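Asks: The structure follows.
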């Protein structure tokens, strides 16, 4: 099963991990999409967008109209949410203009620590 990890890490932490992977040549176990803060993660991953990911998980390439139909939402609103997920690198767009969530599972990692 292909899994993506959405996590909260600094750019420095991400670069250290990338350098380590390049140095050892060991492939990373899971795909990762990192956000600088928990607030940024939740700004991108709203409740409505999370619902879209659930709908698209394992579904293959879909048109935005089809995603909207499955979500029972307005096409324009879904288009806006899909655009935000594309910009964040969570969704991909193919050469035919369809969008796809290429993973079968999502894992979210971050720590809540005292201020």
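The values are calculated or read from the model by the stated rules, or taken from the named source; none is laboratory data. No experiment lies behind these values; they were computed from the predicted model shown. Methodologically, a virtual Cβ is constructed for each residue, glycine included, from the backbone with ideal geometry; neighbour enumeration extends over all protein chains shown.
Asks: List pairs: first in the stretch 84-104 and without any contact (Cβ under 8 Å) to a residue 12 or more places away in the chain, second surrounded by fewer than 18 Cβ atoms within 10 Å (Cβ to Cβ) and part of a strand (DSSP E or B), Cβ under 6 Å, 6+ apart or cross-chain?
Replies: Short answer, once both residue conditions are applied: 92/100.
Asks: Right, here's the next one. Of everything in the stretch 79-115, what is in a strand (DSSP E or B), modelled with pLDDT under 95 and in contact with a helix residue (DSSP H, G or I) (Cβ under 7 Å, 6 or more places away or on another chain)? Give them in sequence order.
Replies: 106, the sole residue that qualifies.
Residues checked against (1) farther than 27 Å from residue 83 by Cβ; (2) touching a strand residue (DSSP E or B) at 6+ places or on another chain (Cβ under 8 Å); (3) in a helix (DSSP H, G or I):
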site	(1), (2), (3)
4	no, yes, no
7	no, yes, no
12	yes, no, yes
16	yes, no, yes
19	yes, no, yes
22	yes, no, yes
34	no, yes, no
42	no, no, yes
51	no, no, yes
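Asks: If you go through the stretch 64-78 one residue at a time, do you hit one that is surrounded by 13 or more Cβ atoms within 10 Å (Cβ to Cβ), touching a helix residue (DSSP H, G or I) at 6+ places or on another chain (Cβ under 9 Å) and modelled with pLDDT under 95?
Replies: Within the stretch 64-78, none of the residues are surrounded by 13 or more Cβ atoms within 10 Å (Cβ to Cβ), touching a helix residue (DSSP H, G or I) at 6+ places or on another chain (Cβ under 9 Å) and modelled with pLDDT under 95.
Asks: Hey, another quick one. Anything in the stretch 92-107 that is under 10 Å from the mean Cα position of the chain (by Cα) and surrounded by 15 or more Cβ atoms within 10 Å (Cβ to Cβ)? List them, or say none.
Replies: Within the stretch 92-107, 101, 102, 103, 106 qualify.
Asks: Shifting gears a bit: Which of the residues belonging to the stretch 80-91 are farther than 20 Å from residue 32 by Cα and either surrounded by 15 or more Cβ atoms within 10 Å (Cβ to Cβ) or under 11 Å from the mean Cα position of the chain (by Cα) (or both)?
Replies: First pass over the stretch 80-91, keeping only residues farther than 20 Å from residue 32 by Cα: 80-81.
81 - this is the single residue of the stretch 80-91 that is farther than 20 Å from residue 32 by Cα and either surrounded by 15 or more Cβ atoms within 10 Å (Cβ to Cβ) or under 11 Å from the mean Cα position of the chain (by Cα) (or both).
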